[in-house]
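These notes concern the structure reproduced below.
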Amino acid sequence: MSAKPKSPPKSRPAHQPTSLPKAYQSFKPGHWLNTINVHDFIQKNYTPYKGNESFLVGPTRRTQKIWKIVKKLLKKEFKKGGVLSIDTKTPSTITSHKPGYLNKKYESIVGLQTDYPLLRAIKPKGGIRLVKKACESYGYKLDPKVWELYNEQIKTHNDAVFDVYLNWDQLFTPEKNTLFRKKGIITGLPDNYGRGRIIGDYRRVALYGIDRLIEEKKLELNRVCDYMNEVNIRLREEAMQQLIALKDLKTMAASYGLDISQPAQDTKEAIQWLYFGYLGAVKEQDGAAMSFGRIDAFIDVYVERDLKKGIYDESEIQQFVDDFVIKLRLVRHLRPPEYNELFAGDPTWVTCALGGMGKDKRPLVTKTTFRFLHTLENLGPAPEPNLTILWSQNLPEAFKNYACQVSVKSSSLQFENDELMRPYHGDDYGIACCVSAMTIGKQMQFFGARCNLPKVLLLALNEGRDEIDDELVVEGVPKLRYNKVLDYKEVRGEFFKLMDWLCKKYVETMNIIHYCHDHYDYEAEQMALHDLLVHRFMAFGIAGISIVIDSLSAIKYAKVYPIRNKKGVAKKFKIIGEYPAFGNDDDRVDKIGVEVIQKFMKTLQKYPTYRGAEHTVSLLTITANVVYGRHTGATPDGRVAGEPFAPGANPMHNRDKSGALASLNSVAKLKYEYCRDGISNTFSITPSSLGKTEEQRTGNLRGMLDGYFQKGGHHLNVNVLYRETLQDAMKHPEKYPQLTIRVSGYAVHFIKLTKEQQEEVISRTFHKDF
Amino acid sequence: MSISTIKNQSSLLGRIHSFESFGTLDGPGLRFVVFLEGCPLRCLYCHNVDMLDMKNYKEMTPQELLKIVLPYKPYFNSAKGGVTVSGGDPIMQPRFVVEFFKLCQKNKIHTTIDTSCFTTNKEHLEQLLPVTDLWMISLKHFDDKKHRALTGVTNAPILENIHYLSKRKARLWFRYLILPGWTDTWSNLRALCAFLRTVDFELIELLPYHTHGRFKWDKLGLPYKLNGIKPPTLNSCHKIKEMLKKEGYKVILNE
């Protein structure tokens, strides 16, 4: 049908099927036709699926051939120490590299970050020094021209942040003028690398095509920017960068011989278009987490239409999904080795949220949700994409069972509580990184890593001195009156006072970082796939929450004697008597945890944020729990100096003595409303203690998830493994190329962890039968 | 029965050794397992020997115990589980178990008792019947001499009680420990089959002997008399499983 282009869009009746362009034929019309509104498109057109997995098919021969090529490459990469090769000459942009292929003949979904698979690109805008260091530590030399350009001519995000830090006297600790961040109180901050954690609505590329997106962006810009004040000038400038990025995206796709100026016509194009949208993002940015959002129901709309029309069969559809997932498994960023301490195993957090429930009570589970989970069977387990099930007790039973079955088999899934997040974010949100919920295309966050809260507690006990080198970190912390046996009331009071000092510094630091990032390393492509006016979160984090809780509990319920050195710094603690430990579903101690996170949140809120972002908090450590532990002295809970923290919000190892569910119940008490950026919990169990038969294991896991999330829990990583398997994998890594385990908020190939991290994972509580 | 039992029954305090909030082995689905103190038997292979002596326990009322269990209801309701009282042997504290089970049923929590069924007091069984959703009974040995040697008590009341429960249409699961040289003999297995034919039950679970509880004997300074007996081979366990399956029973081998 030919629509008359002369008639203005306003006078055209909105819902007239005859006027639909070919790409939209047989879709149900709605608001999504008139404005950019993917959510409306999904709601009007998707088909919930309540059946089981019996329709799924195995990988096609084409997929198997490609996967074989990839497996060889991955092996080579591992043998070379984790990095296959680096392009040291070409700063990566959306259009910087020629098209790359695995095997042009067999690939159904195309596109690589660089000309060759697993060739890592440099992205110096975050900070050139880190790029140089990363190249050198893998035996490469950064091209001198690039170094010169970014060191002398182009200011990077990292340069900008340190310019501001340098003249910010408060940031220095009084005695030695060392940076506050060097004391390890706040670490992992994105002040020398890309911040990430932004999710573009890549579906927009498929549904609307680039030309329409450009047109709408211009209209939106004129609508929201009327008066040229500072806010609007910036918005206008950013929008212009976004428009350029969109045009670049078209150019990039054209280099693969594909025209994405128009909407995708079928399933294959829809997947290809949205993958291009994502590819542009990971060519432009190398932020810590580059997540994908929520695409299962969206793709499924195209799949259902094509299956009905007979354009593709199930096997071809699965092939597109498999090939797409293979591409996501190949995403790489260039990181220096130190980065590995905080984010072990080379993660990219291509997080894909799956399932969940709609606001209208229809499940958002589709056959394509199953198809994504099925990639773990067709291709074997893998950490990426970071498949995240949005769980609700109201999900269809068959889906719950399948998800649990895949989880038990692969240890590659994480589960998050849809019932908790939907009220805040609606039913079209995705997960950035591990546990951070954001409405797709409408919300973004300023990532803020985490602070070491046990260290702050120790500062309160030690007159503001660092517990390891005795150096004065913060002035004006009084000597405790009850210095022999710690007094709960006094310690709590001093700790909360110091929390105020910490929160102020934390917010200020974050303001500096994100101001600079916006100016010097703006995510033009990802933000182009957002509404122009977005809601911003500023995400703060706590590491070591269970140590703080147990320490306060020990001081309250037992007798804790600090053993101090000459400078009055407590180097050890003697504990007389017993105290209730976090992880045993004991209100006496769990309430302390609730109070601490509430206090932390409220204190942060006292300090205004850059661009009016909303404060949020996460209880998430990634794998930094090991390095945090190493740099923290003995704590009043009995933890010895250097011992790793528990990951995320987990209770400390071996202190949860009342079984797995008691441990879950304790964590579930930590309220999501104070930790809207997520509460990570990692649960490891041996197959035999989860149940005797496969059916029982699936059923028990389902019960566990239903129970935990009804209790208000937010997130659960599930590992179903034997300790012996991990021990064997440490000895013979070559035997376990695909062995995947969940750590705090993501999954890793076990063999890619450092020895220390592997040992920590093994020592962590494995819930076993008695 | 000891004096202390009588005393505690009158004040209705349960003697509780410990809990497991994530029980996947003691009954259907996910279960909260309550281990009660005290046992009338002295099995040579006991793997909870630390629950036999009457000193190491907490006392609490049925209401107090329920309060501990209730927070776990969302878990076992989804996984079709519930509460299991085990031990020790809960048959030592029947009135406490009855009161506790009543409260569970009021709160729609499935109840299971894991017991040897060694009691001569029919009244206790009578009271337990309406409040117990599932009985898991361990069958030890069918030769009374061997039963005495293995457990210290006669098997007569046990077998009689099982018949009684079967007649009263109680839902029954059996557990049978495969102890090489003792319970896996041809004659004992024949006696097992003969006995099973006379009762109505849902399934039988085979538990291969293991030595995981051995360390507790050493810790308590008790002599472990089954030294030298190795766990049965998987093959021999499967043979017993097949034999029982041929009889038409539902059999689970707990590998």
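If contacts are Cα pairs under 8 angstrom and at least 6 residues apart, what is the relative contact order of region B:3-253 in percent?
Values: 446 pairs, mean separation 41.9, N = 251.
RCO, region B:3-253: 17 percent.
What distance in nm separates the simple spin-label points at A:Tyr488 and A:Asn229, each placed 7 Å from Cα in the Cβ direction?
5.0
Taking 25 Å as R0, compute the FRET efficiency from the Cβ-Cβ separation of A:Glu148 and A:Asn177 and round it to 0.05.
Details: r = 30 Å, r/R0 = 1.22.
Efficiency for this residue pair is about 0.25.
Can you spot the lysines whose alpha carbon is less than 29 Å from B:Lys225's alpha carbon? Ignore those fewer than 8 places along the same chain.
Correct list for B:Lys225: A:Lys768, B:Lys55, B:Lys140, B:Lys145, B:Lys146, B:Lys216, B:Lys239, B:Lys241.
For region B:3-253, with only Lys/Arg (+1) and Asp/Glu (-1) charged at the beta-carbon, what is the dipole magnitude about the Cα centre, in debye rounded to 20?
Once rounded to the nearest 20, the dipole reads 260 debye.
From the Cα trace of chain B, what convex hull volume per residue do you get, rounded to a whole Å³? Present the calculation step by step, with values, prior to reporting the outcome.
Numbers: hull volume 31.7 nm³, N = 255.
Spread over its residues, the Cα hull of chain B gives 124 Å³ apiece.
Would you mind giving the mean number of other chain beta-carbons within 10 Å of the Cβ of each residue in A:659-667, as a whole number?
Mean inter-chain Cβ contacts per residue within 10 Å come to 5.
Only helices at least 15 Å long along their axis, Cα-based, and averaging 1.0 or more on Kyte-Doolittle count here, so list those DSSP H runs from chain A.
Those that pass (Cα extent of 15 Å or more, hydropathy at least 1.0) are A:545-557.
When ranked by the protection proxy of mean other Cβ atoms within 10 Å per residue, highest first, what sequence do the peptides A:557-563, A:582-588, B:28-34 form? Don't skip to the end; give the middle numbers.
Details: A:557-563: 17.6, A:582-588: 21.1, B:28-34: 25.9.
Packing proxy ranking, top to bottom: B:28-34, A:582-588, A:557-563.
Just want to confirm a number: the relative contact order over chain A, from Cα pairs under 8 angstrom separated by 6+ residues, in percent.
Values: 1580 pairs, mean separation 111.7, N = 770.
The normalised contact order for chain A reaches 15 percent.
If you average the alpha carbon positions of region A:397-465 and of region A:78-95, how far apart do those two centres end up, in angstrom?
Rounded to whole Å, the Cα centres lie 30 Å apart.
Of A:Lys657/B:Lys67; A:Lys556/B:Lys108; A:Lys489/A:Lys572; A:Lys400/B:Lys73; B:Lys80/B:Lys106, which pairs sit farther than 26 Å apart, going by alpha carbon to alpha carbon? Provide the component values of the computation, followed by the final result.
Details: A:Lys657/B:Lys67 18 Å; A:Lys556/B:Lys108 37 Å; A:Lys489/A:Lys572 21 Å; A:Lys400/B:Lys73 19 Å; B:Lys80/B:Lys106 17 Å.
Pairs exceeding 26 Å: A:Lys556/B:Lys108.
Pulled fully out, how much extra length does the chain show between A:Asp211 and A:Thr251, if you take 0.36 nm times their separation in residues and subtract their Cα-Cα distance?
Gain on extension, A:Asp211 to A:Thr251, equals 13.2 nm.
Taking the Cβ-Cβ separation of B:Ala156 and A:Asp587 as r and a Förster radius of 60 Å, what is the calculated FRET efficiency to the nearest 0.05?
Working: r = 48 Å, r/R0 = 0.80.
Calculated value: 0.80.
Using the count of nearby Cβ atoms within 10 Å as a rough guide to exposure, how do B:Val251, A:Val473, A:Val640, A:Val596 rank from fewest to most?
With the sparsest Cβ surroundings first, the list reads A:Val640, B:Val251, A:Val596, A:Val473.
Determine the sum of side-chain charges near A:Val594: Lys and Arg each +1, Asp and Glu each -1, restricted to other residues whose C-beta is under 11 angstrom from that of A:Val594.
0
Applying 1/(1 + (r/R0)^6) with R0 = 41 Å to the Cβ-Cβ distance of B:Tyr164 and A:Thr725, what FRET efficiency is obtained, to the nearest 0.05?
0.30
What percentages, rounded to whole numbers, describe P(r) for the protein assembly as shown computed over all alpha carbon pairs with 10 Å bin width beginning at zero?
It works out to 2, 10, 18, 21, 19, 14, 9, 5, 2, 0, 0, in whole percents.
Label region A:289-330 by shape, choosing from rounded, prolate and oblate, from the square roots a ≥ b ≥ c of the eigenvalues of the Cα gyration tensor; if a/c is under 1.5 it is rounded, and otherwise prolate applies when a/b is larger than b/c, oblate when it is not.
Since a/c reaches 1.5 but b/c is at least a/b, the shape of region A:289-330 is classed as oblate.
Name every cysteine in chain B that ends up alone, with no second cysteine's Cβ under 4.7 Å, or say none.
B:Cys39, B:Cys104, B:Cys117, B:Cys193, B:Cys237
Roughly what would the spin-label model give for A:Lys65 and A:Asp500, points 7 Å off Cα along C-beta, in nm?
Result: 6.9 nm between the two label points.
Which value, in debye to the nearest 20, describes the size of the charge dipole of the protein assembly as shown about its Cα centre when Lys and Arg Cβ atoms bear +1, Asp and Glu Cβ atoms bear -1, and nothing else is charged?
Approximately 1140 debye in magnitude.
Pick out, from B:Ile252, B:Trp135, B:Asn48, the residue whose Cα sits farthest towards the positive end of the charge dipole of region B:3-253, with +1 on the Cβ of Lys and Arg and -1 on the Cβ of Asp and Glu.
Looking along the dipole axis, the top candidate is B:Ile252.
For B:Thr185 and B:His238 in one chain, what is 0.36 nm times their gap in residues minus the Cα-Cα distance, to one decimal in nm?
So the chain would gain 17.6 nm between B:Thr185 and B:His238.
Need one number: nm distance between label points at B:Lys67 and A:Asn167, each 7 Å from Cα along Cα→Cβ, rounded to one decimal.
Going by the 7 Å Cα→Cβ label model, 6.2 nm.
Sorted by average packing, counted as other Cβ atoms within 10 angstrom per residue and highest first, what order do B:188-199, A:293-304, B:100-111 take? All intermediate terms of the calculation are to be shown ahead of the outcome.
Details: B:188-199: 14.8, A:293-304: 26.1, B:100-111: 18.6.
The peptides rank, most packed first, as A:293-304, B:100-111, B:188-199.
Give the order of B:Trp135, A:Trp67 when sorted by the count of other beta carbons within 10 angstrom, beginning with the fewest. Intermediate values should be presented prior to the final figure.
Details: B:Trp135 25, A:Trp67 20.
Lowest to highest Cβ neighbour count: A:Trp67, B:Trp135.
How much of the DSSP bridge set in region B:3-253 is antiparallel, in percent, rounded to the nearest 5?
Looking only at bridges with both residues in region B:3-253, the antiparallel portion is about 20 percent.
With a 10 Å Cβ neighbour count serving as the proxy for reagent exposure, in which order, fewest first, do B:Thr183, A:Thr369 appear?
The fewest-first ordering by Cβ neighbours comes to B:Thr183, A:Thr369.
Taking 0.36 nm per intervening residue step and subtracting the Cα-Cα distance, what contour gain separates A:Glu694 from A:Asp360 on full extension?
Values: separation 334, 0.36 × 334 = 120.24 nm, distance 3.37 nm.
Contour length minus Cα-Cα distance gives 116.9 nm.
When only Cα pairs under 8 Å and 6 or more residues apart are kept, what is the percent relative contact order across region B:68-152?
Result for region B:68-152 is 27 percent.
So, counting K/R as plus one and D/E as minus one, what does the shell of residues with Cβ under 13 Å around A:Gly310 add up to?
Numbers: positive: A:Arg305, A:Lys308, A:Lys309; negative: A:Asp266, A:Glu304, A:Asp306, A:Asp313, A:Glu314, A:Glu316.
It works out to a net charge of -3.
Read the figures in this text as sums done on the coordinates, not as results from a lab. Just so it is clear, the model here is predicted, and its values are computed rather than measured. Note that we place each Cβ from the backbone using ideal geometry, even for glycine, and neighbour counts take in every protein chain shown.
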